[in-house]
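K.L.:
Before we start, here is the structure in question, set down as structure tokens.
The values are calculated or read from the model by the stated rules, or taken from the named source; none is laboratory data. These numbers come from a predicted model, not from an experiment. Using ideal geometry, Cβ is built from the backbone for each residue, glycine included, and neighbour counts are taken over all protein chains shown. Surface areas here come from the heavy atoms of the whole protein model, side chains and all, with no ligands, DNA or RNA. Shrake-Rupley method; radii C 1.70, N 1.55, O 1.52, S 1.80 Å.
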Amino acid sequence: MSQGEDRVIVTAGATAGLAAAHHRDFPEIRAEGDNPAAAAAQLVNHLTRALDSALTDWRRKSIELAIEDVKSYADQTKV
């Protein structure tokens, strides 16, 4: 199991046929997509936008680590 697999949570989306994804450390930031890989790609976009509001180096680093986890997960689910 890769590092990102246990930190990225993917569930059924709000409507049929969609997948929803969030990172374990940032449950308030969620994304949806047609499949888990698409939801993860959208989650990367949302987390990247969250970097704008990260006021401390610690918070910025934790968001950057979450982005790496989600990218790793997305790469593995594309296979």
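K.L.:
Within the range 41-59, work out how many residues are of a type outside the set (S, T, N, Q), open to solvent by 50 Å² or more (accessible area, probe 1.4 Å) and either closer than 13 Å to Asp25 by Cβ or in a loop (DSSP other than H, G, I, E, B) (or both).
P.N.:
Number satisfying all stated conditions: 3.
K.L.:
Looking at Ala21, Ala37, which is the one that is surrounded by 13 or more Cβ atoms within 10 Å (Cβ to Cβ), in contact (Cβ under 8 Å) with a residue 40 or more places away in the chain and part of a helix (DSSP H, G or I)?
P.N.:
Criteria check complete, one pass: Ala37.
K.L.:
Search the range 60-78 for residues that are polar (S, T, N, Q) and pair each with any residue that is assigned to a helix (DSSP H, G or I) and modelled with pLDDT under 95 when their beta-carbon atoms are under 6 Å apart and the residues are at least 6 apart or on different chains.
P.N.:
Filtered contacts from the range 60-78: Thr77/Pro36; Thr77/Ala37.
K.L.:
If you take the residues of the range 70-79 that are more than 10 Å from Leu43 (Cβ to Cβ) and of a type in the set (D, E, K, R), which of them is farthest from the chain's Cα centre (by Cα)?
P.N.:
In the first step, residues of the range 70-79 are kept if they are more than 10 Å from Leu43 (Cβ to Cβ); the result is 72, 75-79.
With the extra rule that they be of a type in the set (D, E, K, R), the set shrinks to 75, 78.
Numbers: Asp75: 12, Lys78: 14 Å.
Looking at the filtered set, the residue picked out is Lys78.
K.L.:
Does the range 71-78 include one or more residues that are surrounded by fewer than 15 Cβ atoms within 10 Å (Cβ to Cβ) and at pLDDT below 95?
P.N.:
Taking every residue of the range 71-78 in turn, at least one turns out to be surrounded by fewer than 15 Cβ atoms within 10 Å (Cβ to Cβ) and at pLDDT below 95.
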